[in-house]
Amino acid sequence: FTETLYNIGKLSIPLGLILIGATASDHLHEAGLARSGGMLLLANLLRLGLLPALFLLTAWLLPCSVELKQVIIVQAAMPAGVFSIIMTRNYNGDTPTAMRIILTTNLICLLTTPLWLPVGLMLVGIR
């Protein structure tokens, strides 16, 4: 019984990724990036601008270990998570909008992540 549970646990991440990929492919054609320009700009400014700044401020102010500060810094630089597609689909939300935000934050984070990581490390005194 324990081995069965262990094997099911090992399958959870690959099955989750398959489910997210299947859901994303269902809604990819609806996610026209030309639509909702203002909303996408705001979402990207919040997720890749304001939230990382707040995360780094938190890492700087919290009296915690260096390792935890490093985790906070890495999490600050991350784009919107793909799990929001599943959540919006299950709760009858606007899945195409979630798809647009995920796509754009993942593309733009290629530029912002290399900026936030060194700033965060320098701010907390690791570099």
Considering only residues that are farther than 19 Å from THR112 by Cβ and touching a helix residue (DSSP H, G or I) at 6+ places or on another chain (Cβ under 9 Å), which ones fall in region 38-68?
LEU62, CYS64, LEU68
Go through (1) within 25 Å of THR113 (Cα to Cα); (2) open to solvent by 80 Å² or more (accessible area, probe 1.4 Å) for LYS10 and report which single condition fails.
(1)
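The values are calculated or read from the model by the stated rules, or taken from the named source; none is laboratory data. If you're wondering where the values come from, they're calculated on a predicted model, not measured in any experiment. Note that we place each Cβ from the backbone using ideal geometry, even for glycine, and neighbour counts take in every protein chain shown. Each accessible area value is taken on the protein alone, full model and side chains, heavy atoms only, with ligands, DNA and RNA left out. Shrake-Rupley method; radii C 1.70, N 1.55, O 1.52, S 1.80 Å.
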